[in-house]
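J.: To start, I am sharing the structure in question, which I have written as structure tokens.
The values are calculated or read from the model by the stated rules, or taken from the named source; none is laboratory data. In this text the structure is predicted, and so the values were computed from the model without any measurement. Heads up, the Cβs are rebuilt from the backbone with ideal geometry, glycines too, and the neighbour counts pull from every protein chain shown. SASA here: full protein model, heavy atoms, side chains in, ligands and nucleic acids out. Shrake-Rupley method; radii C 1.70, N 1.55, O 1.52, S 1.80 Å.
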Amino acid sequence: MTSRRLFCIAAAASAATSAWAQGAVPAGWPDKPLHFVTPYPPGGLSDQITRFVADRISRSIGRPVIVDNKPGAGATLGTEFAARAAPDGYNFFVAPTATVVVSPWLRKVSFRPEDFAPVAKLTSSYGLITTRKDAPFNTYREFVVAARAAPGKYTFASNGVGSIVHLTGVLLQKQAGIEVVHVPYKGSVESMTDLMGGRIDLMYDPVTLPRVKAGELKGLATTNPERNPELPEVPTLKEQGFDMDTRSWFGMFAPRGTPPAIVARMAEEARKAMSGPGVREQMLLSSMYPDYEPPAAFEQRVRADNAFFRDIIQREDIKAD
């Protein structure tokens, strides 16, 4: 190999290193498919959001984006897989609040939020408190009055111990000074069936939105500061005298160590994906809405939520099954 060729190779390597350091994406990236991991099985909300974003980003960058479903062990298998992926700018992870900042405080896992580089917050949720349509209360305030008069009489469902739904219920009960029995289920479909059948009294889960719109269930409150435009008649918790905002999010992450230039580029791609025509309408079908945050703001949110849920779980001594 000639000295001139060695010089050219060294110069190219130096230019590439300089490009990374200066925050520029090197020419040629991406030159192969990207991989988006979701720690849930096909068909669910996490899978739907991951595929929605993957499809739009794929069309924008002109490369395939492969969605890898890695379910199991309460979403921890896929999360651990994503945390160990090569930080080469081709591996990304899409997950909700509970997967990243709740699971590490509930069970023994081999990852922490610090193992990921936050890329972008994609969506936030409209929380919803629901009861059966023939319940004797029409607002959450009325339910609290009934629950105070009969401690332990009423029940609320969740999709598992330590889930956002469960923690929302715990927080609201503490604030309201009521005692409601927690009934964990394996999933929202089973709990919603029992709610409609009158076997449980309450759900803190936005998955019930279509049933409320259809008049099959009754909405008592939304947990966001503003009303859900899909359910404008349902008042917020704040309107009913409860200072609580328990919205959750879906976000995109990369393995820690992924070049900042790639993180910034993918954040911009995520912003474009979540701001196109029809996106808001599509997300509202799942009681979500586009709520983009760039890497720095999203990292602050992840840190704050991590501390928030850690304190709740430790204070209430909540343990996973």
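J.: Spin-label point model (7 Å from Cα, Cβ direction): what's the K186 to S60 distance in nm?
T.: Once both label points are built, they end up 3.8 nm from each other.
J.: On a 1.4 Å probe surface of the protein chains, which of D311, D201 comes out largest in accessible area, and what is the full order?
T.: So, going from the largest accessible area down, we get D311, D201.
J.: Could you compute how fast region 31-129 diffuses translationally, taking Rh as the Kirkwood radius over C-alpha pairs and applying Stokes-Einstein at 4 °C with viscosity 1.567 mPa s? Give it in µm² per second.
T.: Once the numbers are plugged in, D ends up at 92 µm²/s.
J.: Leaving ligands and nucleic acids out of the surface, order E230, E293 by accessible area at 1.4 Å, largest first.
T.: From most exposed to least exposed: E230, E293.
J.: Then there is this: Can you divide the C-alpha Rg of region 83-128 by 2.2 N^0.38 Å and report the result to two decimal places?
T.: My calculation over the Cα atoms of region 83-128 gives 1.30.
J.: Given just the C-alpha atoms of the chain, how large is their convex hull per residue in cubic angstrom?
T.: Cα-based convex hull of the chain, divided per residue, equals 135 Å³.
J.: Taking only Cα atoms of region 144-271, what ratio of Rg to Rh do you get with Rh as the Kirkwood inverse-distance radius?
T.: 1.07
J.: Using each residue's phi in region 307-314, evaluate 6.51 cos²θ - 1.76 cosθ + 1.60 at θ = phi - 60° and report the 3J(HN,Hα) Karplus result to the nearest Hz, with x for Gly and Pro.
T.: Working through the residues one at a time gives 5, 4, 6, 4, 5, 4, 5, 6 Hz.
J.: Need one number: the % of Cα-Cα pairs in region 79-185 sitting beyond the 22 Å mark.
T.: Tail of P(r) above 22 Å: 47 percent of Cα pairs.
J.: To check you understand DSSP bridge types, tell me what percent of the beta bridges within the chain (both residues inside) are antiparallel, rounded to 5.
T.: If we restrict to bridges inside the chain, about 60 percent are antiparallel.
J.: Where the accessible area of region 210-321 is counted over protein heavy atoms with a 1.4 Å probe, how much of it, in %, is carbon and sulfur?
T.: Carbon-and-sulfur percentage of accessible area, whole number: 49.
J.: Solvent-accessible area per residue for the chain at a 1.4 Å probe radius, Å²?
T.: Averaged over the residues of the chain, the accessible area is 46 Å².
J.: In region 119-240, what % of DSSP beta bridges are antiparallel (nearest 5)?
T.: Taking every DSSP beta bridge within region 119-240, about 50 percent pair in antiparallel fashion.
J.: What area, in nm² and to one decimal, does the C-alpha convex hull of region 255-321 cast on average over all directions?
T.: The number I arrive at for region 255-321 is 6.8 nm².
J.: What are the residues whose amide H is under 5 Å from the amide H of V37, where those residues sit 5 or more places off or on another chain and H is modelled from the backbone?
T.: So V37 has HN proximity to D68, F92, F93, V94.
J.: Going by amide H atoms built from the backbone, whose H comes under 5 Å of the H on A117, apart from near neighbours?
T.: The list, which skips near neighbours in sequence, is A254, R256.
J.: What full-extension length gain, to one decimal in nm, is calculated for E226 and F308 as 0.36 nm per residue of separation minus the Cα-Cα distance?
T.: 27.3 nm
J.: Grab the alpha carbons of region 168-242, take their convex hull, and tell me the volume per residue in Å³.
T.: It comes to 95 Å³ per residue, whole-number rounded.
J.: At 1.4 Å probe size, put V94, V183 in order of accessible surface, largest to smallest.
T.: These residues rank, largest area first, as V183, V94.
J.: Which entries of K133/K238; K133/K186; K121/K213 show an alpha-carbon separation above 26 angstrom in the structure shown?
T.: Check vs 26 Å cut-off fails for K121/K213.
J.: Give me, ordered by chain and number, the residues 5 or more places off G160 or on other chains with an amide H under 5 Å from its own placed amide H.
T.: When sequence neighbours closer than 5 places are left aside, the close amide H contacts are Y185.
J.: Moving on. If I fit a long axis through the Cα atoms of helix 164-176 and take the longest principal axis of the Cα atoms of the chain, what angle between them do I get, 0 to 90°, rounded to 10?
T.: The helix 164-176 is inclined about 50 degrees to the chain.
J.: Tell me the carbon and sulfur percent of the accessible area for region 27-145, rounded to whole percent, probe radius 1.4 Å.
T.: Using a 1.4 Å probe with all protein chains present, region 27-145 comes out at 53 percent carbon and sulfur.
J.: For region 206-215, take each phi angle, set θ = phi - 60°, evaluate the Karplus expression 6.51 cos²θ - 1.76 cosθ + 1.60, and give the result in whole Hz per residue in order, putting x for glycine and proline.
T.: x, 5, 7, 3, x, 6, 5, 4, 7, x
J.: Let me ask you something else. What's the FRET efficiency of R199 with A27 using the Cβ-Cβ distance as r and R₀ = 56 Å, to the nearest 0.05?
T.: 0.40
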